[in-house]
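A.B. asks: To start, I am sharing the structure in question, which I have written as structure tokens.
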Amino acid sequence: MDFSITAEQREMVETVRKLRHKQLAPNAIKWLNGDFPWENMKSLGEIGVLGMAVPQEYGGMDASVLDTVLVLEEISKACYATALAVLGEIGVQPRIIANYAPEALKRKYLPRVADGSGVLAICLTEPDAGTDVPNYKTNSQVKGDRVIVKGAKTLISRADIADVLIVFTRINSVPGAAGIGCVLVPQGTKGLTAKPSYHTMGGEYLCDVVFDECEVPLDHLILRENSMKTLLNAFNTQRCLNASVCLGCAEGALEEAVKYMRERKAFGQPIGDFQGMRWKGADMYIEVEAARGLLYRAAVSGNPFPDRAMAAMAKIYCNEMAIRVTSEAVQVHGGYGFCDEFAVSRLFRGARFGSLGGGTTETLRNFVGEHLVKRMDLNTGVFGLSKL
Ligand SMILES: Cc1cc2nc3c(=O)[nH]c(=O)nc-3n(C[C@H](O)[C@H](O)[C@H](O)COP(=O)(O)OP(=O)(O)OC[C@H]3O[C@@H](n4cnc5c(N)ncnc54)[C@H](O)[C@@H]3O)c2cc1C
């Protein structure tokens, strides 16, 4: 098996690494106040990062899922808030538009994603149902050449500033999973309100969104009834990117912990000379490397939408690994580790988002368990889980 990354991938990561040290890391603390990191987005747009998931004809790069995972990992080592902002632009959002929207809407929205001037929001979670997609209440009623969207969403990233909201919706009141499709609601549509309502422990705000009989043209209904499987399959991309944010937070925290172990002295010697600290460092390193292997393998299991079981396993492991590793990095820093001014504190708080967004770890364990019991071909052995 070839575990190397290409020269182009290395070059892209190096470019992002330079920006990480020059701009992202030194300013990371200021985004704890919940402001959207527009200045970082501008810089990332200039080096092509924001167009990675956008096809070339709309100004993007049409990069692979692994490319986006590598870049997001590098950003996440420095700044969780920027990583989450970028996740919305190089993950499932532009890929849903690129794969399912009509040409005119692709031309309208995708070039603005690529140059960093516009952002996208994706709305699944509702006040009464998050994980439970088949019970979503938001409904889109088709009336001639118009669609009337009515309902409410919650905990939505960037809904207040997005150009357009990508909304999971019931179509024509068809009940259950069979009724789920997807509609685009542009910002400024009459009846749409999106209000930042919750300030998170990671720093960003999440929005409550109301669709009060929002009327959009029929071509904005980009996926009709019976599309839940298609939409959740697209989410396998998001799962790999969510895992990449967690991997990056863990790596950033490990780097900080190693620096601190070398510099901080106790009892007349660097704390890194105590066996207790070295074993902590060794365990953190092992976990990061194991997670990286699982994630990169998941990222190449399908393009643009990776294999469901592989993406779920990578996400679960990276989410839980990042909580353990960032927490240990806080411990290595003693009391300073609990302070906003120290990167490990912010990375610890950021890493906690992973097991909640993009499919909870419990739901994904259900997928993996179902795959094992109902579908996995035992004749192909342990490699049977992936398409590799
Ligand atoms: C930082 C952040 C950003 C977010 N951004 C967005 C966004 O942009 N768009 C969006 O739509 N949502 C977003 N969310 C919301 C997120 O997707 C939901 O919180 C998540 O899907 C869970 O839904 P819920 O909160 O309603 O929990 P629930 O679905 O009510 O679940 C509550 C608990 O029950 C467990 N549970 C539920 N069903 C099962 C089951 N079958 N088996 C075992 N356990 C189960 C869950 O795992 C969880 O632990 C964001 C969340 C965070 C933290």
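The numbers here are math on the coordinates, done by the rules we state, and not lab data. Bear in mind that the values here come from a model prediction, so they are computed numbers and not experimental data. No Cβ is skipped: glycine too gets one built from the backbone with ideal geometry, and neighbour counts run over all protein chains shown.
A.B. asks: Charges on Cβ only, +1 for Lys and Arg, -1 for Asp and Glu, centred on the Cα centroid of the stretch 120-226; of 203, 136, 172, which one is farthest towards the dipole's positive end?
C.D. replies: Farthest towards the positive end: 172.
A.B. asks: Can you give the extra length, in nm with one decimal, that the chain gains between residue 283 and residue 210 once fully stretched, where that is 0.36 nm per residue apart less the Cα-Cα distance?
C.D. replies: Numbers: separation 73, 0.36 × 73 = 26.28 nm, distance 4.59 nm.
Working it through step by step, the gained length comes to 21.7 nm.
A.B. asks: From the cross-link list 30/108; 190/315; 108/195; 30/265, which pairs have alpha carbons spaced over 26 Å apart? Let's see the in-between values first.
C.D. replies: Values: 30/108 32 Å; 190/315 38 Å; 108/195 24 Å; 30/265 29 Å.
Checking Cα-Cα distances, 30/108; 190/315; 30/265 exceed 26 Å.
A.B. asks: In degrees, nearest 10, range 0 to 90: what is the angle between the Cα axis of helix 361-370 and the longest Cα principal axis of the chain?
C.D. replies: For 361-370 against the chain, the angle is about 80 degrees.
A.B. asks: Okay, next question. Among 379, 300, 333, flag the residue with its Cα farthest along the positive direction of the charge dipole of the stretch 229-385, charges on Cβ as +1 for Lys/Arg and -1 for Asp/Glu.
C.D. replies: So the residue furthest toward the plus end is 379.
A.B. asks: If I model a spin label as a point 7 Å beyond the Cα along the Cα-Cβ vector, how far apart are those points for residue 107 and residue 303 in nm?
C.D. replies: 2.8 nm
A.B. asks: Against the longest alpha carbon principal axis of the chain, how many degrees, from 0 to 90 and to the nearest 10, is the axis of helix 65-76 turned?
C.D. replies: 60 degrees
A.B. asks: Something else now. Where in the stretch 201-217 does the label zone of residue 143 land, with the point 7 angstrom along Cα→C-beta and an amide N cut-off under 16 Å?
C.D. replies: 211-217
A.B. asks: Sticking with this one: Where in the chain is the longest stretch that carries no trypsin sites (Lys or Arg not before Pro) classed as loop by DSSP and with at most 12 other Cβ atoms within 10 Å?
C.D. replies: Working: sites that count: 190, 387.
Longest run free of exposed loop sites: 191-386.
A.B. asks: Place a point 7 Å from Cα of residue 361 in the direction of its Cβ. Which residues in the stretch 106-146 have their backbone N less than 18 Å from it?
C.D. replies: 131
A.B. asks: Starting from the stretch 224-290, pick out the GluC sites (Glu not before Pro) whose DSSP state is loop and whose Cβ has at most 16 other Cβ atoms within 10 Å.
C.D. replies: 225
A.B. asks: Turning to a different aspect of this structure: Do the sum for the chain: with -39,500 (n - 2.57) for every DSSP H run of n ≥ 4, divided by all residues, what is the mean residue ellipticity at 222 nm, to the nearest 500 deg cm²/dmol? It would help to have the intermediate numbers written out before the result.
C.D. replies: Values: 11 runs with 171 residues, N = 388.
Helix contribution divided over all residues of the chain: -14500 deg cm²/dmol.
A.B. asks: At a Förster distance of 51 Å, what's the computed FRET efficiency of residue 42 paired with residue 377, Cβ-Cβ distance as r, to 0.05?
C.D. replies: Details: r = 48 Å, r/R0 = 0.95.
Taking R0 as 51 Å, the efficiency between residue 42 and residue 377 is 0.60.
A.B. asks: How would 361, 237 line up from fewest to most surrounding beta-carbon atoms within 10 angstrom? Don't skip to the answer; put the middle values down first.
C.D. replies: Working: 361 16, 237 27.
By the 10 Å Cβ count, ascending: 361, 237.
A.B. asks: Please list, by residue number, every one of the GluC sites (Glu not before Pro) in the stretch 315-378 that is coil in DSSP and has at most 16 other beta-carbon atoms within 10 Å.
C.D. replies: Passing sites in the stretch 315-378 are 341.
A.B. asks: To continue, here is another question. Could you pull out the longest piece of the chain with no exposed loop chymotrypsin sites (Phe, Trp or Tyr not before Pro) in it, calling a site exposed if DSSP puts it outside H, G, I, E, B and it has at most 11 other Cβ atoms within 10 Å?
C.D. replies: For chymotrypsin sites (Phe, Trp or Tyr not before Pro) (loop position, at most 11 other Cβ atoms within 10 Å), the longest site-free span of the chain is 4-266.
A.B. asks: Sort by residue number and report every cysteine in the chain with no other cysteine beta carbon within a distance under 4.7 Å.
C.D. replies: Those would be 79, 123, 182, 207, 214, 240, 249, 339, since no other cysteine Cβ in the chain comes under 4.7 Å of theirs.
A.B. asks: Any chance you could give the angle, 0 to 90 degrees and rounded to 10, that helix 308-332 forms with the longest Cα principal axis of the chain?
C.D. replies: Value to nearest ten degrees: 40.
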